[in-house]
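Accompanying notes for the structure given below.
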Amino acid sequence: MTSVAERDGKGDGKAGRMTGRTPLAARRDLGWIGIPLVAAVGLAAFWLLPDDLALLTRIAASALFVLSLDLVLGYGGIATLGQAAMFGTGAYAAGIVAVNWNNDPFIMLAAGGLAGGLIALTTGALILHARGLTLLMLTIAVGQIVQEVANKARDWTGGSDGLSGIDPAPVLGMFRFDMYGRTSYLFALAVLVVGLLVARRIVRSPFGLACRGVSEDPLRISAIGGSPKSYLVVLYGVAGVFAGMAGALTAVTSGIVGLDSAGFPWSAEALVMLVLGGTGRLYGAVIGTAAFMGIHHILAASDPFHWMGFIGLFLIGIVLFLPGGIASGVERLGGLLRGPSQNNGEDRA
Amino acid sequence: MTALLEVEGLSKNFGGLQVSSDISMMLNAGDRCALIGPNGAGKTTFVNLVTGVIPPSAGTIRLDGRDVTTLSAAERVRLGLIRSFQVARLFKSMTVREHLELAVLQRDRRTFRLFANVAKVAGLADEVAGLLDSMGLTPVAHTAVGSLAYGQQRLLEIALALAMKPKVLILDEPAAGVPHSESQRILDAIDRLPKDLAVLMIEHDMDLVFRFARTIVVLAQGRLLCSGTAKEIVADPRVREVYLGSRADAH
Ligand SMILES: Nc1ncnc2c1ncn2[C@@H]1O[C@H](COP(=O)(O)OP(=O)(O)OP(=O)(O)O)[C@@H](O)[C@H]1O
Ligand SMILES: [Mg+2]
């Protein structure tokens, strides 16, 4: 994700000056407006699309998962095709806890987040010395291993039949998961919004700043005394918590967990959704997920055989004409509306 | 008194090419030393060896009496051995201010705070403001480094090194690419450094060297040719031949 400003790094600063782009994390996540917007649109959808709550719920839970990928890729520069390992682990952990011990939805979320974080920390410590293609292979391998373990541990996970019979208790003991999916959706939306708030807090923290440094130039981080790998491992662990919670959220709202929740296609799909929406912005993950799954839903109903082709064309179009994803288009539009005098990063205190 | 930095018999070869051979030198607290030599003499390589960016083929490096030869670059930084890069090496999408915040936070080991707000870390804003001011970077504090003039990037590179509160500071051609009017700023900043700090500066601009250095070390073809006070170096015929001579040829 090289920006123009990055490419003409050295040499005369004048050429660079004209291409300066929004440099601050605060700007890239749309400042204070992005998250309330997600909440508002989410609530509006609840009233406007009462028949599609199942889809909307899946979008919200998936967006949390894609958000975890954005933390890893967009803020840490870690290329991964194995993020579903954490999602699947979290989903199974939540499901197993619910079936065997406690079906409170918050306990399930906590179990999923804990499991996702732990698996990410341990595997991250083992594989994150690698970079590029090697790392990509290793992340895929981790995903395969998790899936295989889930497959073998039939007694706990139900193996290839999946883990069913998850019946979460009412939220806060008050709101039962109704057959129309209203509680499911509002619960998922609330978790997503809280997830976005926490993620924004993290990317604006000293830790988030250091991670951005690592993703740009690990050697320069060493030159100021930091250890690039430890930042990456912790970031990977934090993102693992998000992914695990997303898995748990899916378990809570759908009542089942299957082997595909840890599978390679799910990791790859998350990557597609993130690139579609735009990396390194947090809310890009939500836009990308909604766009991808929304288009999928509409096309799969009207043209079940060719929808993947349409998605492909759409993706090619985005990559060619909006390299920063849909979110960058939104930002450009916002820039046009605000007038021509901005976009140098100097107008913000 | 032990030397702050002590290098003994440092050698490096890349394949068959001997880039550093048997270099020994030391820096004491308060030293202002210039390392000069023609292009390709191995000055940057020497800095890379001392700071741990590349491993030496032979030799030892001691920092404040402690053998750091096998320590990583980051560990040496944490012990106070700081360098600036000959070619500005910065995070292109970060603002000037973010660079200094990151450096100060890293120095104080406060970078693993996941839920703190950078804008609210105690003392950070003031210290960063001071650093910005010392290098005249306040007006561009919120500009992304990718769209900064090169001279200003160099100033930031120095500010970043200063932010680390070094014990030993190595500046690799700090004024290269900086307009003459601005290079004074760099010297001023170096003048204001704590007196007990040891500074080694690599520089081609002899004006700067004479203004800054009390001692000069000359490197040629990877070897230590001679060292001494500025006066002695200027008078040394070998230096004229190897260094000043080759510079004159280049023009
Ligand atoms: N990684 C490397 N592999 C092979 N040769 C190298 C490597 N790094 C440097 N060299 C060679 O070592 C010699 C010394 O290079 P170095 O950059 O240390 O010189 P310098 O004194 O800093 O020069 P300048 O004044 O131009 O900055 C050069 O001939 C260079 O080509
Ligand atoms: Mg050099």
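From the list B:VAL87, B:VAL53, the lone residue that is farther than 20 Å from A:TYR231 by Cα, in a loop (DSSP other than H, G, I, E, B), at the interface with chain A (Cβ under 8 Å from one of its Cβ atoms) and within 16 Å of ligand 1 (Cβ to nearest atom) is B:VAL87. Among the residues in segment B:50-68, are any within 16 Å of ligand 2 (Cβ to nearest atom) and either crowded, with 19+ Cβ neighbours inside 10 Å or within 28 Å of B:GLU232 (Cβ to Cβ) (or both)? Yes: segment B:50-68 contains one or more residues that are within 16 Å of ligand 2 (Cβ to nearest atom) and either crowded, with 19+ Cβ neighbours inside 10 Å or within 28 Å of B:GLU232 (Cβ to Cβ) (or both). A residue that is under 17 Å from A:ARG281 (Cβ atoms), part of a helix (DSSP H, G or I) and modelled with pLDDT of 90 or more occurs nowhere in segment A:42-61.
Residue-wise test of (1) crowded, with 23+ Cβ neighbours inside 10 Å; (2) at the interface with chain A (Cβ under 10 Å from one of its Cβ atoms); (3) in a loop (DSSP other than H, G, I, E, B); (4) of a type in the set (Lys, Arg).
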position	(1), (2), (3), (4)
B:PHE115	no, yes, yes, no
B:GLY130	no, no, no, no
B:GLN153	yes, yes, no, no
B:ILE158	yes, no, no, no
B:LEU169	yes, no, no, no
B:GLU182	no, no, no, no
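Determine, yes or no, whether B:THR60 is part of a strand (DSSP E or B) and among the polar types (S, T, N, Q). Write out each step before concluding.
Working: part of a strand (DSSP E or B): yes; among the polar types (S, T, N, Q): yes.
When the stated conditions are applied, B:THR60 passes them.
For segment B:212-239, a residue qualifies if it is more than 16 Å from ligand 2 (Cβ to nearest atom), closer than 25 Å to B:LYS165 by Cα and crowded, with 16+ Cβ neighbours inside 10 Å, and the qualifying residues are B:PHE212, B:ALA213, B:THR215, B:ILE216.
Checking A:LEU128 against (1) modelled with pLDDT of 95 or more; (2) buried (at least 19 other Cβ atoms within 10 Å of the Cβ), only one condition comes out false. Which one? The failed condition is (1).
Can you tell me which residue within segment B:184-204, out of those that are touching a Ser or Thr at 6+ places or on another chain (Cβ under 8 Å) and surrounded by 17 or more Cβ atoms within 10 Å (Cβ to Cβ), is farthest from B:ARG89 (Cα to Cα)? Ranking the candidates gives B:ALA189 first. May I ask you to list the residues in segment A:272-327 that are closer than 24 Å to A:ALA199 by Cβ and of a type in the set (Phe, Trp, Tyr)? Passing the criteria: A:TYR283, A:PHE292.
Can you confirm whether B:THR229 is over 16 Å from B:GLY42 (Cα atoms), polar (S, T, N, Q) and touching a residue at least 40 places away in the same chain (Cβ under 8 Å)? When the stated conditions are applied, B:THR229 does not pass them.
Results for (1) buried (at least 21 other Cβ atoms within 10 Å of the Cβ); (2) assigned to a helix (DSSP H, G or I); (3) away from chain B (no Cβ under 12 Å), shown as yes or no for each residue.
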position: A:LEU209; (1), (2), (3): yes, yes, no
position: A:LEU219; (1), (2), (3): no, yes, no
position: A:PHE242; (1), (2), (3): yes, yes, yes
position: A:THR250; (1), (2), (3): yes, yes, yes
position: A:PRO265; (1), (2), (3): no, yes, yes
position: A:MET273; (1), (2), (3): yes, yes, yes
position: A:THR279; (1), (2), (3): yes, no, yes
position: A:PHE292; (1), (2), (3): yes, yes, yes
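The values are calculated or read from the model by the stated rules, or taken from the named source; none is laboratory data. Only a predicted model underlies this, so the values are computations on that prediction, with no experimental measurement involved. Neighbour counts are summed over all protein chains in view; Cβ atoms, including those assigned to glycine, are modelled from backbone coordinates with ideal geometry.
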